[in-house]
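One structure is given here, and the rest of the page talks about it.
The values are calculated or read from the model by the stated rules, or taken from the named source; none is laboratory data. All figures in this text were calculated on a predicted structure; none of them were measured in a lab. A quick note on method: Cβ atoms are made from the backbone with ideal geometry, for glycine too, and the neighbour counts reach across all protein chains shown.
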Amino acid sequence: MKSVFLFLLCFTTVRPTGACWLYEKQATVNKIQKNLALIDRFSVDRQFFKDQMLKMPKIFSWAVSQIGVESAFRDCDANQDGSISLIEMRETATCLDSCFKLGVVNLAI
């Protein structure tokens with residue numbers, strides 16, 4: 001199953017339009033928002049990633065390592081305050097901007 005997923009992920013990331021057939025950014029951010037609401041948060045910081053990697057199944061730590069924490073902050077932390085808010089996730093053009101990123105995040109959440 002994972003090999004099929006990875007094949008589809010690779011296939012969709014090669015598309016010249018940059019669009020993703022499998023996932024939508026808005027739906028992914030909505031999932032993130034629901035999960036953060038469960039723990040009364042509206043943003044994530046580096047410590048959040050570290051804490052979650054210790055508590056969560058290996059798939060989360062795999063996802064974080066695939067995207068990279070620093071890469072996520074470079075792509076998503078528009079105001080560079082060390083925290084990625086839900087607004088930044090939605091509105092920053094470089095945040096969750098590829099099918100690979102969307103696929104990894106959706107796999108982890």
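Do we have A37 as at pLDDT 80 or above, assigned to a helix (DSSP H, G or I), closer than 15 Å to V105 by Cβ and hydrophobic (A, V, I, L, M, F, W, C) here? Talk me through it step by step, then tell me what you get.
Values: at pLDDT 80 or above: yes; assigned to a helix (DSSP H, G or I): yes; closer than 15 Å to V105 by Cβ: no; hydrophobic (A, V, I, L, M, F, W, C): yes.
No, not satisfied.
Take the residues in segment 83-109 that are in contact with a helix residue (DSSP H, G or I) (Cβ under 8 Å, 6 or more places away or on another chain), in a helix (DSSP H, G or I) and charged (D, E, K, R), then tell me which one is nearest to V69 (Cα to Cα).
By that ranking, first place goes to K101.
Return the residue satisfying two criteria in turn: it lies in segment 54-89 and is among the charged types (D, E, K, R) and buried (at least 17 other Cβ atoms within 10 Å of the Cβ), and of such residues it is nearest to R41 (Cα to Cα).
E88
Can you name every residue in segment 45-90 that is under 14 Å from the mean Cα position of the chain (by Cα) and charged (D, E, K, R)?
Result: D45, R46, E70, R74, D75, D77, E88, R90.
Being under 17 Å from T28 (Cβ atoms) and touching a strand residue (DSSP E or B) at 6+ places or on another chain (Cβ under 7 Å) is true for just one of S85, S98. Which residue is that?
Every option except S85 fails the conditions.
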